[in-house]
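Taking it in order: structure first as structure tokens, then the write-up.
What follows draws every value from the coordinates through simple rules; no lab data is involved. The structure displayed is predicted, hence computed values, not measured ones. Here the Cβ positions follow ideal geometry from the backbone for every residue, glycine too, while neighbour counts run over all protein chains shown.
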Amino acid sequence: MDRRLLVTGAGGFLGWQLCRQARKKWRVFGIYLRNRPQVSGIVAVKCDLASGRELEALFESIRPQAVVHAAAVSRPASCRRDPDSSFKINVEAAGHLAGLCAAAGVPLVHVSTDLVFEGSKGPYKEDDPPCPLTVYGRQKALAENLVLRQWPRAAVCRLPLLFGWAPGKRANFTMEVIERLAGGRPVPMFVDQYRSPLDTKSAARGLLKFLGAWQGHLHLGGEVRVSRYRMGLMIASLMGCSPDLVNPVRMEDFPGAEKPVFDVSLDSRAAFNAGFRPATLAEGLRETIDATLEAMERTGK
């Protein structure tokens, strides 16, 4: 097998799942900086994407036949604390990689986010104008424009709130909610923030499906619009926990340095019409719960 796929962010939550799925059909080169991807059958390559020289040398060495760019500084607080460093990854590296793909004529999927929208009138369609409220959202909106200017044939796939399980990863709120509920501890959940959550298995499957088969923006959200609070109640119900452990709170109860984002749910009918079939929210949550509880049992948590 010599179909070479380069996956950036392979050490992350989504990248782990991308590598697992892609290795069935591709020779996968998983690019990471700090967290080496725990996926057998792939080639893990360390690279600092903020270094243009390193990125160019990597691209020349691997000569990929397709690229999925999933790497990002995705925690809004990190972008807010150090916007210059996150800009190098979220914007500059994305544009540089798109230019390399354009020069080589290889398909590119660039992973973006629902947080490019301001959250006043979801669900959002692909042609709704971005108006981000956070530093992270603004950087991802800039990256979208830069990628498509550099490589108009690229697919820019906006993802919603992701959930799922990955080894050693605690960067997704769903696993933390499950662990807290399993320990009988209450969890605060927003009643006034709406998303279109998607499990990482479905997200990875969608990104690989449209790799080389879509140009421009595409929304890959789940099939339902739901508040975080309602999602928390679903998790508690599937675990057989008391719904009283899920505490309804409002975003105004947790004032931060950035404006709250209320409804960035995605209208993903274009992807559905093109054959994207994500797992249902209940199916994805059930699998995440089972995998998280099994891992807790193994590690004695």
(message) Given R₀ = 41 Å, what would the calculated FRET efficiency be for Glu287 paired with Lys46, taking r from the Cβ atoms and rounding to 0.05?
(response) 0.85
(request) Give a residue-ordered list of calculated ³J(HN,Hα) values for the range 177-188 (Karplus: 6.51 cos²θ - 1.76 cosθ + 1.60, θ = phi - 60°; whole Hz; x for Gly, Pro). (result) 4, 4, 5, 5, 5, 4, x, x, 9, x, 10, x
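Give, in nm to one decimal, the length gained when the segment between Glu60 and Asn145 is fully stretched (0.36 nm per residue of separation minus the Cα-Cα distance). Walk me through the numbers before you get to the answer.
On the way: separation 85, 0.36 × 85 = 30.60 nm, distance 2.48 nm.
Working it through step by step, the gained length comes to 28.1 nm.
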(message) Between Glu223 and Lys24, what is the label-point separation in nm under the 7 Å Cα-to-beta-carbon projection?
(response) 2.0 nm
(request) Please give the contour-minus-distance gain from Lys125 to Arg277: 0.36 nm per residue of separation, less the Cα-Cα distance, rounded to one decimal in nm. (result) 52.9 nm
(request) Any chance you could give the angle, 0 to 90 degrees and rounded to 10, that helix 94-104 forms with the longest Cα principal axis of the chain? (result) 40 degrees
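Any chance you could run the full-extension gain for Ala270 through Phe254? It's 0.36 nm times the residue separation minus the Cα-Cα distance, nm to one decimal.
Separation in residues times 0.36 nm, less the Cα-Cα distance, equals 2.2 nm.
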(request) Name the aspartates and glutamates eligible as straight-distance cross-link partners of Lys88: C-alpha to C-alpha under 12 Å, and not fewer than 8 places from it in the same chain. (result) Asp48
(request) Please give the peptides 271-279, 96-104 ranked by average Cβ packing (other Cβ atoms within 10 Å per residue), highest first, as a rough proxy for protection. (result) 96-104, 271-279
(message) Quick query: amide H of Leu266 versus all other amide H atoms, modeled in the peptide plane; which residues come in under 5 Å with a sequence gap of 5 or more or a different chain?
(response) Tyr124, Ser196
(message) Report the Cα centroid-to-centroid distance between the range 214-283 and the range 66-130 in angstrom, as an integer.
(response) 20 Å
(request) May I have the convex hull volume per residue, in Å³, for the Cα set of the range 197-301? (result) 157 Å³
(message) Let's test the formula: R0 of 22 Å, r as the Cβ-Cβ distance of Ala77 and Asp192. What FRET efficiency results, to the nearest 0.05?
(response) 0.65
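Can you give the Kirkwood hydrodynamic radius of the range 8-47 from its Cα pairs, in Å with one decimal?
Details: mean 1/r = 0.1053 Å⁻¹.
Result for the range 8-47, one decimal place: 9.5 Å.
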(request) Quickly work out the Glu297-to-Ser85 label distance, labels modelled 7 Å from Cα along the C-beta direction, and quote it in nm with one decimal. (result) 3.9 nm
(message) Suppose only helical runs count, i.e. DSSP H with n ≥ 4. What mean residue ellipticity at 222 nm does that imply for the chain under -39500 (n - 2.57) per run, divided by all residues and rounded to the nearest 500 deg cm²/dmol?
(response) -11500 deg cm²/dmol
(message) Show me, for the range 212-227, the HN-Hα J-couplings you get by feeding each phi into the Karplus relation (A = 6.51, B = -1.76, C = 1.60, θ = phi - 60°), rounded to Hz, glycine and proline as x.
(response) x, 10, 8, 10, x, 6, 8, 9, 10, x, x, 7, 10, 8, 8, 7
(request) List, in order, the whole-Hz ³J(HN,Hα) value for each residue of the range 126-138 obtained from phi through the Karplus relation with A = 6.51, B = -1.76, C = 1.60 and θ = phi - 60°; use x for Gly and Pro. (result) 4, 8, 5, x, x, 7, x, 9, 10, 4, 4, x, 5
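Got a sec? How would Asp84, Asp114 order by Cβ neighbour count within 10 Å, fewest to most?
Working: Asp84 6, Asp114 26.
Ranking Asp84, Asp114 by Cβ neighbours within 10 Å, fewest first, gives Asp84, Asp114.
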(message) Which entries of Lys46/Lys201; Lys24/Lys121; Lys125/Lys209; Lys140/Lys259 have Cα-Cα distances beyond 28 Å here?
(response) Lys24/Lys121
(request) Compute the separation of the alpha-carbon centres of the range 1-60 and the range 162-205 and state it in Å as a whole number. (result) 24 Å
